[in-house]
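Below is one structure; the comments refer to it alone.
The values are calculated or read from the model by the stated rules, or taken from the named source; none is laboratory data. Owing to the predicted nature of the structure, the values given are computational and were not obtained by experimental measurement. We place every Cβ from the backbone using ideal geometry, glycine too, and count neighbours over all the protein chains shown. With ligands, DNA and RNA removed, areas are computed over all heavy atoms of the protein, side chains included. Shrake-Rupley method; radii C 1.70, N 1.55, O 1.52, S 1.80 Å.
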Amino acid sequence: MKILIIGVGGVGQSVAMIIKRAGAEGQWAEKVVLSDYNLARAEAVAKLVDDPRFVPEKINAKDPASIKAVVEKHGITWIMNAVEPSFNPYIFDTALECGVGYLDCAMTLGEAHPEKPFELVNVKLGDAQFAQFDKWKEKGCLALVGSGVEPGMADVFAKFAEKYLFDEIDEVNVRDGDSYHFPEGVEGGAFGFSVWTTIEECLNPPVIYEKARKNEPGKGWFCTENFSEPEIFDFPGGIGPVEVINVEHEEVLLVPREIDCNRVTFKYGVPRELRQLLLNLREVGMDEAKKTIKVGDSEIAPRDFLVKVIPSPLDTAAQMLGKGCAGTWVTGKKDGLTRSVYLYQIADNQECVKKYGTNSVVAQTAVVPVIMMELVAKGIWKGAGVFGPESFDPDPVMERLAKYEFPAAMEEKNSEYATKLQQEALLKIMK
């Protein structure tokens, strides 16, 4: 597989380092072109990786001709989109035109309902991509959308739970929390991930799926207020209880396409001070991504301006302490008994900084794309069309997470089935 990575910020760099650290196991990646609008950045990452397979190039992700030129120059067979989702339409369409495979970590953007944004869905995340399913199928090309950590790994966990852990699924609830902090006296950025993307997903109306609403106009999907339904979720690995709230996210749009369940939600541990900051930014129009303002002789969108002035997560990562947990909490029935399971992956920030030179948030985001590209390269995952991760066998991903240094784990929560397991274990000991 000859890969073109478009965007070598935190995720792109992490992908490159994960492939390099895999050694002989990573040789399925015959060539990896590291591209960015900032050529110096691409060259720096290539130098850091220090492997002749990794080649830097300059690309304008909004210019199809720029993308095509690099695809043709290097005989690219697969494009990984590692930039903000605002660039997705250009890269996605160009990959199809070039007849190469495609993967992104976040799907095309949604658009809020013009009259009832906190009640009704309008354009949903990924709608523009799934609308082109037939075109991709006719061309015999595969597009894997929403294939990072959340979405991505979380979707694989849901599919694994459906395959092995449940006879009936009630709810699929993605829960993300962390214990990130900075040492006393050290000032860090408020954003642990892409500033642009954090503003987008946190300030858009959150989407929820409920099967009982399938006959309503949203076909099961509906919207709610920003930061709604706060709950305390007890995260494993020493992170502990974190308040999580509803945030717009792809899993809610992806999971119901393939997994029969009654409800799907995504809740994230956004600190209260960050929530207020985001609301304040919206109040003064600094979240605007489409309209531009004039600054000197140039015009720039307010959100793009913020990206320039807010400390980059890449710059603050080295000093941040703590762990991040990404996981999927599934409830339902097994053998006629209620069951509740949390499948998760935990990454330590300082460990990720040492291994990949990036923070744990982007390192977690990068590992599943690497695994999925390997599976495609080896013909383990195959198909033509536009698919999310839950459309494929989860086993190869679960098996490889540990190999790539991001092992998954499972927590059996209190339920009738958990009691049965405890009783069976006790009987074995007594015998």
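Structural descriptor for region 222-368: relative contact order 13 percent, calculated from alpha carbon pairs under 8 angstrom and at least 6 residues apart.
Extension gain for K290 to E411 (0.36 nm times residue separation, less C-alpha to C-alpha distance): 39.3 nm.
Out of these labelled values of Rg and Dmax of the Cα atoms in Å, [x] 23.8, 72; [y] 21.8, 73; [z] 21.2, 82, which was calculated from the coordinates shown here? From the options [x] 23.8, 72; [y] 21.8, 73; [z] 21.2, 82, the structure gives [z]. From the largest down, region 294-431 spans 79, 41, 29 angstrom on the principal axes of its Cα atoms. Of the peptides 21-29, 317-325, the order by per-residue mean of other Cβ atoms within 10 Å, starting with the highest, comes out as 317-325, 21-29.
Applying 0.36 nm per residue to the separation of K354 and T419 and subtracting their alpha-carbon distance, the gain on full extension is 19.3 nm.
In a simple Cβ point-charge model (Lys, Arg +1; Asp, Glu -1; nothing else charged), the chain has a dipole of about 920 debye relative to its Cα centre. Counting only protein heavy atoms and using a 1.4 Å probe, the accessible area of E399 comes to about 130 Å². Each of G324, Y356, G10 was scored by the projection of its Cα onto the charge dipole of the chain, and the greatest displacement toward the positive side belongs to Y356; charges sit on the C-beta of Lys, Arg, Asp and Glu. Highest average first, the peptides 209-221, 293-305 ordered by how many other beta carbon atoms sit within 10 Å of their residues are 209-221, 293-305. Inter-label distance, L321 to E138: 5.9 nm, where each label sits 7 Å from its Cα along the C-beta direction. Using the 1.4 Å probe convention, the accessible area of region 325-367 works out to 28 Å² per residue with neighbouring protein chains retained. For the residue pairs K116/K290; K354/K403; K137/K290, the C-alpha atoms sit more than 22 angstrom apart in K137/K290.
Atom-type composition of the exposed protein surface of region 32-131 places 53 percent of the accessible area on carbon and sulfur (1.4 angstrom probe).
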